[in-house]
1. Can you name the residue in segment 156-168 that is crowded, with 17+ Cβ neighbours inside 10 Å and over 14 Å from Leu129 (Cβ atoms) and is also modelled with the highest pLDDT among such residues?
2. Tell me, which residue of segment 98-150 that is closer than 26 Å to Leu83 by Cα and of a type in the set (Gly, Ala, Ser) is modelled with the highest pLDDT?
3. Take Val87 and tell me if it is under 20 Å from Leu197 (Cα atoms), surrounded by 13 or more Cβ atoms within 10 Å (Cβ to Cβ) and β-branched (Val, Ile, Thr).
4. Just for segment 64-97: of the residues that are among the small types (Gly, Ala, Ser) and in a strand (DSSP E or B), which one is farthest from the chain's Cα centre (by Cα)?
5. Just to be sure I understand, how many residues within segment 34-63 are part of a loop (DSSP other than H, G, I, E, B) and modelled with pLDDT under 85?
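The values are calculated or read from the model by the stated rules, or taken from the named source; none is laboratory data. All of these numbers come straight from a predicted model, not from anything done at the bench. Glycine also receives a Cβ, built like all others from the backbone with ideal geometry; neighbour counts cover every protein chain displayed.
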Amino acid sequence: MKPRNMKLLHIFFPAFWLFFLVSIYPAAAGDQTATISIPEEVLLQTIRDGLPIPLEAQSQYVQGDVVGQSLEKLQVLEKSLLLQGVVSARNFTLNTTIAGKEVSMNLGSVQLPVTCELFLRFDNNKKILFVIPRFPKPTSMYTTDPADALLLLLSSLGEKEYPVKLDSIQPVLAKVGMRTLAITLEPVDILTQKGVLLIKMRPKVSKGF
């Protein structure tokens, strides 16, 4: 599961906010911090627009092409994001041992409603956002049930930190009176609050041309 699969991260810096910040922070106030609040409804629709999403899950017991198929619900909690949707798998095989022999079983295709909780940790020094997913665990590590096998595969993604590098936003030119200003936004913190995702940024304004 690579950072490019984290499509929800792409909504962090909508362009219209850049122009909104120009009217709030003049060049002399470049060191102040601005906070953008993104409601969970916006996050939900943004992720839906990016589906389906391939999930690069790997397990020594289960193999298959796994895709985040749909998203039915998203909640922003105090310390995490809670996602409820449907995950599908194709070319699904289970490697197990029967009577002392290794056997590969073809499980075909499967779709499963899944809940995933995402925890966020932002490293301000490195400007990297770490995303930590947590999936429900299967009832058994030794199963031939396709649903449990898919949970086993998804659990290989959990409890790991996936880095997403967030550099300063590329300069955006905006006109204020007779002057053209170049604005970049430096990420300072990313955190959750019930119902909203909060992104704190430091605008840096310089005279353009």
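1. Result: Leu157.
2. Ser109
3. no
4. Top of the filtered list is Gly64.
5. 4
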